[in-house]
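Okay, so here's the structure we're looking at.
The values are calculated or read from the model by the stated rules, or taken from the named source; none is laboratory data. Source: prediction; values computed, not measured. As a convention, Cβ positions derive from the backbone with ideal geometry for all residues, glycine included, and neighbour counts pool all protein chains shown. For the accessible areas, the whole protein counts, side chains as well, though only heavy atoms, and no ligand, DNA or RNA atoms are used. Shrake-Rupley method; radii C 1.70, N 1.55, O 1.52, S 1.80 Å.
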Amino acid sequence: MKKHLLAVAVTALAAGSVFAQANDTLAKIKASGSVTLGVRESSGLSYTLGNGKYVGFHTEMGEIVLHDIQKQLGLAKLDIKYQPVTSQNRIPLVTNGTVDLECGSTTNNAARQKDVAFAVTTYVEEVRTVVKANSGINSIKDLNGKTVATTTGTTSVQTLRKHERAGGIDFKEVFGKDHADSFLMLETGRADAFVMDGSILAANISKSKNPADYKIVGEVLSVEPIACMLRKDDPAFKKAVDDSIKRQIADGSLAKLYDKWFMQPVPPTNTKIGLPMSEATKAAWANPNDKPMEDYAKK
């Protein structure tokens, strides 16, 4: 009996240490000298230039966070591995330990907070609609009988359907596998509109062959806090990430980074996205917090 109890105790201890390792990202980074940053391929905040190079406001901010953590851990070198994620696989890749920190374009909402944790909000997004400039579509009501594109694994079309002005409006949905694919549906006439985060729409317009052919129209469908995502129940890692972001806000470097990626010409086409910082983003920086989207909807 004692042997059995001892075996149970040893098994429980081993399981506990594995669990501790899984939820101690700082220890994992220190032991391995490497960290995996989750990035996007065609988001407004994180995108690829090809050849394994990832850039954008959130990508660069994430790199700065990880360099701050490198200093905190006293590591002479930190190998940052880049893992592209999609709207469908980003949460599983964080929870299963593949990705340590995901800095893409993920909305912090109550449902996702059951599975993952979020750093303080670094961008407050407005969900909007992009159409061809000559389409005659100017508001939600003009989408009646039209085909609307959105990206698989995102919440934008549910948001559109729930909007108070969408009552009685019937439209067909088509889904792109990623944001570039959704925009291509609009570009090639397979969709009349693409509903998504304003920054993603603006970035795809700026990268298109003829940016003047498109316009962002209609009502703001929702206001969504965007933040870096990490594993739940890892308070030391969350504090390290949050402390770095708060430092970047306080010393003005995050504002400079915003200007670089949204108000100056950016690669690959050297065009300007031209998206001034919203009042909602300024408010989030003034009082750093990890409140979910639902708190923004409360009047």
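Here are some notes:
- Phe194 vs. criteria touching a Gly at 6+ places or on another chain (Cβ under 9 Å), closer than 23 Å to Thr106 by Cα and not in a helix (DSSP H, G or I): yes
- Considering residues of segment 148-191 that are of a type in the set (S, T, N, Q) and out of contact with any helix residue (DSSP H, G or I) (no Cβ under 6 Å at 6 or more places or on another chain) only, the residue farthest from Ser105 (Cα to Cα): Thr188
- Those residues of segment 125-138 which are modelled with pLDDT under 95 and open to solvent by less than 50 Å² (accessible area, probe 1.4 Å), in sequence order: Glu125, Val127
- Selection of segment 256-299 for residues being open to solvent by 40 Å² or more (accessible area, probe 1.4 Å), β-branched (Val, Ile, Thr) and part of a loop (DSSP other than H, G, I, E, B) yields only Thr269.
- Residue count for segment 70-101, restricted to those that are assigned to a strand (DSSP E or B) and out of contact with any Ser or Thr (no Cβ under 6 Å at 6 or more places or on another chain): 4
- Evaluation of Gln113 against the conditions (1) in a strand (DSSP E or B); (2) closer than 15 Å to Lys291 by Cβ shows that the sole unmet condition is (1).
- Subset of segment 27-80 [surrounded by fewer than 20 Cβ atoms within 10 Å (Cβ to Cβ), in contact with a strand residue (DSSP E or B) (Cβ under 7 Å, 6 or more places away or on another chain) and of a type in the set (D, E, K, R)]: Glu41, Glu63, Asp79
- Selection of segment 240-255 for residues being free of Cβ contacts under 8 Å to residues at least 40 places away in the same chain and either open to solvent by 40 Å² or more (accessible area, probe 1.4 Å) or in a helix (DSSP H, G or I) (or both) yields Ile249, Ala250, Asp251, Ala255.
- Any hit, segment 193-215, residues being of a type in the set (Phe, Trp, Tyr), within 18 Å of Tyr47 (Cβ to Cβ), modelled with pLDDT of 95 or more and open to solvent by 10 Å² or more (accessible area, probe 1.4 Å): yes
- Residues located in segment 201-249, provided they are under 19 Å from Thr147 (Cβ atoms), among the hydrophobic types (A, V, I, L, M, F, W, C) and within 18 Å of the chain's Cα centre (by Cα): Leu201, Leu221
- Subset of segment 139-153 [charged (D, E, K, R) and either surrounded by fewer than 16 Cβ atoms within 10 Å (Cβ to Cβ) or under 24 Å from Lys282 (Cβ atoms) (or both)]: Lys141
Rundown of residues vs (1) charged (D, E, K, R); (2) within 19 Å of the chain's Cα centre (by Cα); (3) over 19 Å from Leu45 (Cβ atoms); (4) open to solvent by less than 80 Å² (accessible area, probe 1.4 Å), yes/no style:
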{"site": "Thr155", "(1), (2), (3), (4)": "no, yes, no, yes"}
{"site": "His163", "(1), (2), (3), (4)": "no, no, yes, yes"}
{"site": "Ala166", "(1), (2), (3), (4)": "no, no, yes, yes"}
{"site": "Asp178", "(1), (2), (3), (4)": "yes, yes, no, yes"}
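- Applying a threshold of 8 Å to beta carbon distances and a minimum spacing of six or more residues, or different chains, the list of pairs starting in segment 222-233 at a residue that is at pLDDT 95 or above and surrounded by 21 or more Cβ atoms within 10 Å (Cβ to Cβ) and ending at one that is part of a loop (DSSP other than H, G, I, E, B) and of a type in the set (A, V, I, L, M) reads Ile226/Leu45; Ala227/Ala119; Ala227/Val120; Cys228/Ala119; Met229/Ala119; Leu230/Ala119.
- The condition (being part of a loop (DSSP other than H, G, I, E, B) and free of Cβ contacts under 8 Å to residues at least 24 places away in the same chain) is satisfied by just one residue among Gly153, Gly104, Gly136: Gly136.
Matching residues to (1) of a type outside the set (Asp, Glu); (2) in contact with a helix residue (DSSP H, G or I) (Cβ under 7 Å, 6 or more places away or on another chain); (3) within 17 Å of Gly104 (Cβ to Cβ):
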{"residue": "Gly50", "(1), (2), (3)": "yes, no, no"}
{"residue": "Tyr54", "(1), (2), (3)": "yes, no, yes"}
{"residue": "Phe57", "(1), (2), (3)": "yes, yes, yes"}
{"residue": "Gly62", "(1), (2), (3)": "yes, no, yes"}
{"residue": "His67", "(1), (2), (3)": "yes, no, no"}
{"residue": "Gly74", "(1), (2), (3)": "yes, no, no"}
{"residue": "Pro84", "(1), (2), (3)": "yes, no, yes"}
{"residue": "Asn89", "(1), (2), (3)": "yes, no, yes"}
